[in-house]
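Read the structure below first, then the notes.
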Amino acid sequence: MVERTPIFNAICHLILFVGLLTALLPFAVVIIAATHDIKTVNIVPMPLMPGHDFMANIHEAWVRADLGRKLFNSVIFATAVACGKVILSAMAAFSIVYFRFPGRSLIFWAIFVTLMLPLEVRIVPTYAVAANVLAPFQALLDVTGVTWLAAHLAGLQIKLQWGLLNSYPGLVLPLVATATGTFLYRQFYLTVPEELAEASKMDGSGPLRFFWDVLIPLSRSNMIALFTIMFVWAWNQYLWPLLVTTDPNFGIAVTELRSLIPSEFGLPDWNVAMAGTLLIMTPPLIVVILMQRWFVRGLISTEK
Amino acid sequence: MEKRVTFSSTTIGLLFAFPMLLLVFVFFYWPGGQALFWAFTLEQPWGGGNKWVGFQNFAHLLKDPIYWNSITRSLVFGAGSTAIAMGVALVLAVLTDREMKGHSAYRSIFVWPYAIAAPALGLAFRFILAPEAGLLSILNRVWPDIWNPALDGNDAMIAIIVAFSWKYIGYNFIFFLSALQGIPRSLIEAAAMDGSGPLRRVFDIQLPLLTPTLFFLLVINITESFQDSFGIVDIMTQGGPARATELMVYKIYFDGFKGLDYSGAAAQSIILMVLVILLTILQFRFIERRIHYK
Amino acid sequence: MGSIAIRNVRKAYGKNAVVHGVDLEIASGEFIVVLGPSGCGKSTLLRMIAGLEEISSGEIAIDGRVVNKLEPRERGCAMVFQNYALYPHMSVGENIGYALKVAGVPKAERLRRVAETAKIVGLEAFLDRKPAALSGGQRQRVAMGRAIVREPGVFLFDEPLSNLDAKLRVAMRAEIRRLHRRLGATSVFVTHDQIEAMTLADRLIVMNGGRVEQVGTPAEVYNRPATRFVAGFVGSPAMNLMEGVVDAHDVFIYDQTRRVALPPSLAPAGARVALGVRAEAARLVPAGTEGSLDAVVDFVEELGAGRVVHTDLDGLSFAVAIAETTTLKAGDAVGIRIAPQDVHLYSAESGLRIDGKAAAPAMAAN
């Protein structure tokens with residue numbers, strides 16, 4: 001900074017250092033607790049010297065929470081959500097920014113409004129839809145009288161039924177259905193020079209070529225940024241997976257944290273709980289540490 | 001903003017938007033409409049469809065002290081965690097922006113907490129703040145029974161506020177720091193030439209220029225305190241003790257999926273939606289009046 | 001009040017040195033312009049005077065007081081920034097008065113002085129506006145007002161006119177000159193624009209690569225550039241420079257064939273030198289004229305008041321400024337005549353001026 005202010009600087013360093021400790025303390029506690037045996041971890045206060053039972057605790061947590069299966073599911077789930085967002089948002093934004101057709105602004109607002117209501121807020125009806133995603137269409141057919149017509153004229157019973165509970169699509173699709181990514185792309189497309197579209201028109205390429213040959217390569221860094229934040233965001237989802245996946249085969253890691261809480265009247269095996277917590281919280285942390293620049297950038301540009 | 005150069009093919013344009021529109025229709029608009037429908041109807045116990053009841057569900061809710069309790073608790077939680085998370089993050093960001101030795105390390109590490117899933121840090125803090133183990137239990141060693149989130153409602157509220165704030169310090173930090181770095185350096189230098197010291201510059205120059213960010217984060221923090229809190233509450237307190245931490249989303253979940261009262265839960269959802277929408281509209285209105293530096 | 005002494009000042013970022021040791025004495029009330037290409041260290045030098053950059057070694061004294069360890073606010077300097085650095089959330093009046101407010105000047109006096117300053121810079125009608133609602137020229141005035149209001153001993157200008165359009169720049173130039181006459185404070189003005197430099201400066205400092213190349217009045221710098229760099233940098237069109245050797249008869253030989261007579265015993269025989277001639281000092285003569293250089297016209301630049309004939313000497317371009325109209329066109333053969341007294345000679349090795357009279361050029365030794 002501009003001037004020399006040793007005392008003020010020292011105070012700043014002190015505050016920053018305390019902040020650093022606060023930020024790191026929970027990580028440290030989780031890691032250290034995961035190395036103790038059940039007796040040591042319950043000593044008050046917990047000894048800060050690491051113990052020797054790290055691998056044993058990890059193993060115990062791994063088995064208890066079925067983490068092999070669950071972490072695998074989490075990776076699939078988070079990757080699918082992130083990819084879905086990256087691809088569908090790029091397409092939707094392309095349509096909104098680069099085309100002029102009737103109803104375009106209606107589409108714009110239809111997608112835009114989804115920014116307002118996060119999934120948690122409309123959780124109950126969304127769950128009902130996931131139980132049968134075709135229900136909306138059934139209802140449309142009923143209302144428009146198509147069902148009645150088919151039953152009377154052709155003797156067909158139209159009964160649309162496709163349940164998404166306990167399936168990967170059920171986990172993934174509702175989380176893809178928001179505008180976050182679309183607006184990141186929209187903002188970016190608007191900064192792409194007009195001359196590029198003009199030049200590619202002069203070169204005789206149509207919208208598909210332009211999208212594929214020009215916009216997609218230009219959006220690469222935005223895609224990485226969006227993928228990073230969406231992966232972390234999806235990995236950390238809790239309420240939705242908790243509801244949709246009652247079948248353990250489709251469960252994800254984060255919801256398994258429930259099974260790691262030491263029961264009130266059972267053994268207070270916090271060492272195992274912390275080992276499990278460590279395993280579950282590490283993957284997104286690694287993504288954030290390795291991709292920090294993208295993560296920060298993605299976060300700032302999606303929220304604005 | 002509009003593009004001058006566009007493509008005219010309606011079919012291709014619609015095809016590109018179609019997948020997203022389909023998802024948004026099925027998973028956003030339909031459920032939204034469904035919620036409205038349920039909120040104004042009551043499911044018959046023996047089947048046979050829903051009966052229109054008008055505002056009865058809302059009337060029930062608004063007469064229910066338990067519901068008012070959840071609103072109060074949510075507001076206390078929202079206000080407490082927002083104040084802590086934003087206050088601490090602002091201080092850390094302003095100091096990190098001074099670019100003293102080690103600032104790049106601070107810049108990365110302060111972001112880490114935001115990477116952690118709410119329920120995971122919930123479990124970690126449940127241990128750290130446990131009355132009989134962990135770290136804060138030292139208090140009980142000195143003054144027996146002074147701290148027990150499992151039995152004392154205030155302690156439980158403090159516990160979830162601490163856990164939630166810890167995560168969102170990281171989030172707010174990112175935005176504050178980026179906004180601070182967006183302030184042209186020459187402004188700070190000009191103020192220094194004008195005789196303003198480092199602390200005074202924070203109040204005279206940096207904070208006023210951060211107002212849009214402050215406001216934006218205020219809205220986001222409150223909205224997030226409604227939704228992202230679910231994992232923390234579910235892991236740390238399950239809404240207890242004695243409903244002391246029963247926040248709105250947790251109550252919706254509990255009534256809807258444990259109590260199977262869809263109509264009640266839907267009415268609660270509608271109220272929450274209105275709240276969130278109001279906040280968001282407020283935010284959009286403010287964004288339009290953003291201060292531009294150039 | 002407001003004299004500045006700069007003694008062997010260096011600035012390095014780690015191993016990367018950007019200012020290599022500058023010595024300067026600036027008298028109180030002088031208007032000094034520091035001119036140089038971008039990256040030459042001129043802004044760094046200014047910022048070291050302001051206290052915005054630490055001084056790596058050497059010392060700077062203002063009014064005889066060494067200010068190396070002083071904060072910017074304690075040095076009694078005011079600065080006008082390139083992008084004006086106006087506080088966007090404050091009105092014009094608040095911008096101008098901010099320094100007084102920080103200094104704890106009572107409100108009544110503050111308002112009085114702000115009003116006074118606003119009058120000087122012609123902003124009385126805009127005191128309540130925010131910077132965003134002002135034009136470029138008005139913002140520039142606010143920046144000036146903010147500096148003036150403090151009644152500083154030293155004004156520092158960091159390329160303050162570079163964001164204005166050409167017409168406004170000329171007007172502001174005159175205004176800055178007028179202000180300086182009125183206030184009489186020492187001014188250090190950094191720019192890369194030589195017209196600005198020539199028109200504003202009492203004394204000019206030409207910098208290149210972190211070193212001072214020449215210090216002098218604009219006329220001195222123009223008429224007797226101390227180094228080959230200054231010769232090529234100051235003046236438009238740039239001075240013609242050609243490298244060659246001096247023979248035993250005081251004749252400069254370029255390209256083995258082209259010869260230019262030099263003043264007697266200016267340079268020793270066999271010396272490798274660069275010969276410089278201003279475009280307006282060279283004359284065009286018919287091709288083949290005795291004692292002229294053979295050249296071919298490349299193109300003619302019409303400037304309205306005059307024209308510049310760009311010629312080609314077998315790959316070396318050479319400009320000649322003429323006042324009268326001409327029918328010359330590309331491809332015509334011409335001769336160029338150079339009078340011995342118009343020649344500037346520079347050592348090919350050191351780039352220093354070779355001067356019959358002064359033994360050493362007026363340049364900081366490095």
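Values quoted throughout were computed directly from the atomic coordinates according to the rules given, and no laboratory measurement underlies them. Just so it is clear, the model here is predicted, and its values are computed rather than measured. Ideal geometry is used to build each Cβ from the backbone, glycine not excepted, and the neighbour counts take in all protein chains shown.
Computed per residue of chain C from DSSP H runs no shorter than four, each worth -39500 (n - 2.57), the mean residue ellipticity at 222 nm is -7000 deg cm²/dmol.
For peptide B:250-258, the mean count of partner chain Cβ atoms within 10 Å of a residue's Cβ comes to 3. Note: relative contact order over chain B, using C-alpha pairs below 8 Å and six or more positions apart, is 26 percent. Across the protein assembly as shown, Cα-Cα pairs farther apart than 37 Å form 63% of the total. Modelled this way, with points 7 Å down the Cα-to-C-beta line, the labels at B:Asp145 and C:Thr325 are 11.2 nm from one another. Positive end of the dipole of segment A:36-103, charges at C-beta (+1 Lys, Arg; -1 Asp, Glu), about the Cα centre: which of A:Pro47, A:Ala90, A:Asn57 has its Cα farthest in that direction? The residue sitting most towards the positive pole is A:Ala90. For a Förster distance of 30 Å, can you work out the FRET efficiency between the beta-carbons of B:Leu36 and B:Lys63, rounded to the nearest 0.05? In this case the efficiency is close to 0.90.
Between the alpha-carbon centres of segment C:1-67 and segment B:68-118 there is a gap of 42 Å.
Put in line by how crowded their Cβ is, counting other Cβ atoms within 10 Å and starting with the fewest, C:Cys40, A:Cys12 read A:Cys12, C:Cys40.
With the cut-off at 27 Å, tell me which of the pairs A:Lys159/B:Lys258; A:Lys70/B:Lys258; A:Lys39/B:Lys167; B:Lys63/B:Lys251; B:Lys3/C:Lys130 have Cα atoms farther apart than that. Provide the component values of the computation, followed by the final result.
Details: A:Lys159/B:Lys258 29 Å; A:Lys70/B:Lys258 24 Å; A:Lys39/B:Lys167 30 Å; B:Lys63/B:Lys251 16 Å; B:Lys3/C:Lys130 31 Å.
The answer is A:Lys159/B:Lys258; A:Lys39/B:Lys167; B:Lys3/C:Lys130.
Test of the criteria: in segment A:204-304, which GluC sites (Glu not before Pro) are in a DSSP loop and have at most 11 other Cβ atoms within 10 angstrom of their Cβ?
Here the sparse-neighbourhood loop sites are A:Glu264.
Work out the FRET efficiency for C:Glu94 and A:Phe17 from their Cβ-Cβ distance, taking R0 = 56 Å, and round it to the nearest 0.05. The calculated FRET efficiency here is 0.95. The phi torsions of segment B:7-14, fed into the Karplus equation with coefficients 6.51, -1.76 and 1.60 and a -60° offset, translate into couplings of 9, 9, 5, 5, 4, 5, x, 5 Hz, rounded to whole numbers, with Gly and Pro shown as x.
Per-residue mean of foreign Cβ neighbours for C:49-57 is 3 (Cβ atoms of other chains, 10 Å radius). Extending 7 Å from the Cα toward the beta-carbon at both A:Ser205 and C:Leu183 defines two label points whose distance is 5.6 nm.
Projecting the Cα positions of A:Ile289, A:Trp212, A:Leu260 onto the charge dipole of segment A:212-304 (unit charges on Cβ atoms of Lys, Arg, Asp and Glu, taken about the Cα centre) puts A:Trp212 furthest along the positive direction.
Under the combined filter of DSSP loop state and at most 14 neighbouring Cβ atoms within 10 Å, segment C:1-78 retains these GluC sites (Glu not before Pro): C:Glu54. Counted by neighbouring Cβ atoms within 10 Å, the residues B:Trp112, B:Trp68 run from fewest to most as B:Trp68, B:Trp112.
Once each of the GluC sites (Glu not before Pro) sitting in a DSSP loop with at most 14 other beta-carbon atoms within 10 Å is removed, chain B keeps B:133-287 as its longest stretch.
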